[in-house]
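Bear in mind these aren't lab numbers, they're just calculated from the coordinates by the rules spelled out. Everything quoted here is computed from the prediction, not taken from an experiment. In this analysis, Cβ positions are derived from the backbone assuming ideal geometry, glycine residues included, and neighbour counts consider all displayed protein chains.
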Amino acid sequence: MSNLYLVDDDQDVLDSLTWMLNGLGFQPQGFLSADEFLTAVDLQQSAIAILDVQMPGMDGSALLSHMVQANSPIAVIMLSGHGNIAMAVQAIQKGALDFLEKPVDGDKLVISLEKAASISEQNMQRSVAKQALTTKLDTLTPREHEVMEKVLEGKLNKVIAAELNIAQRTLELHRQKVMQKMDVSNVAELAFLMGKNIS
């Protein structure tokens, strides 16, 4: 199971949630503020965070926005003692996986946590794949980038060579280098790799 974090400015809520989650087999780590959480937690690791919506300073909604901007793989469940439909919709639109009202229903929470664990894992895999792609792209020279873009547009070698004003043999060497560096054996694989990581 992923790391599980609780962020709530009410110590009693943290204690009761921790007690309930311990009973369900989880080992959560509690924080009394968003700042405390951000100081202690690596946002780039797979995890689940249960955030209270209303907190002094940075509230749960602002913390969620911060995590989304940081492209964090952490799956977020929002909690509120005074939830309303508009608040719930806003949280989901911002990227929260679920919105639960206090006092929390243990059964509902377990279902959300199971969903969150698998989503966090998928986010992490996507993040690792994106990073690997960026690393490969960084090895390409500016000319190889140009060649790759034109190859992905489906242009023939002689057309690309003419557009770039280079000999067809030179173009073929560049194309070969692109395939090697991107670790693919044909254009279809290259297109799949690029397309998969853009979505």
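Each residue of region 19-27 was assigned a 3J(HN,Hα) from its phi angle through the Karplus curve 6.51 cos²θ - 1.76 cosθ + 1.60 (θ = phi - 60°); the sequence is 4, 5, 5, 4, x, 8, x, 9, 10 Hz, with glycine and proline shown as x. Scalar couplings 3J(HN,Hα) for region 157-165, obtained by applying the Karplus form with A = 6.51, B = -1.76, C = 1.60 to θ = phi - 60°, are 3, 5, 5, 4, 4, 5, 5, 8, 6 Hz; x denotes Gly and Pro. In a simple Cβ point-charge model (Lys, Arg +1; Asp, Glu -1; nothing else charged), region 3-126 has a dipole of about 480 debye relative to its Cα centre. Let a ≥ b ≥ c be the square roots of the eigenvalues of the Cα gyration tensor of region 3-126; is it rounded (a/c under 1.5), or, if not, prolate (a/b larger than b/c) or oblate? The shape class here is rounded.
Between Asn71 and Gln125, the modelled labels are 1.9 nm apart [label points 7 Å from Cα along Cα→Cβ].
Phi-derived couplings, Karplus 6.51 cos²θ - 1.76 cosθ + 1.60 at θ = phi - 60°, listed residue by residue for region 100-115: 10, 9, 7, x, 6, 7, x, 5, 5, 5, 4, 4, 4, 5, 5, 5 Hz, with x used for Gly and Pro. Summary of the geometry: region 120-199 and region 1-31, compared by the centres of their Cα atoms, lie 45 Å apart.
Fully extending the segment from Met58 to Glu149, taken as 0.36 nm per residue of separation minus the present Cα-Cα distance, adds 28.5 nm.
Amide H contacts under 5 Å for Ala47: Ile74, Ala75, restricted to partners 5 or more places along the chain or on a different chain, H placed in the peptide plane at 1.01 Å from N. Per DSSP H run of at least 4 residues, take -39500 (n - 2.57); add these up for the chain, divide by its residues and hand me the 222 nm value, nearest 500 deg cm²/dmol. For the chain, the value works out to -19000 deg cm²/dmol.
Taking amide H positions as modeled 1.01 Å from N, with prolines and chain starts lacking one, the residues under 5 Å from Phe99 and 5 or more places away or on another chain are Met78.
Take every Cα pair under 8 Å whose residues are at least 6 apart in sequence, average their separation, divide by the length of region 3-126, and the relative contact order is 24 percent.
Extension gain, Glu163 to Glu36: 0.36 nm times the residue separation minus the Cα-Cα distance gives 40.2 nm. Given Lys155/Lys177; Lys94/Lys130; Lys130/Lys177; Lys94/Lys150; Lys136/Lys196; Lys130/Lys150, which pairs have Cα atoms separated by over 24 Å? Long pairs (Cα-Cα over 24 Å): Lys94/Lys150. I want to make sure I understand the PRE zone here: with the label point 7 angstrom from the Cα of Asp138 toward its beta carbon, which residues in region 55-77 have backbone N atoms less than 20 Å away? Only 70-73 fall inside the zone, counting backbone N under 20 Å. Taking 0.36 nm per residue of separation and subtracting the Cα-Cα distance, full extension of the segment from Phe192 to Gln11 would add 60.3 nm.
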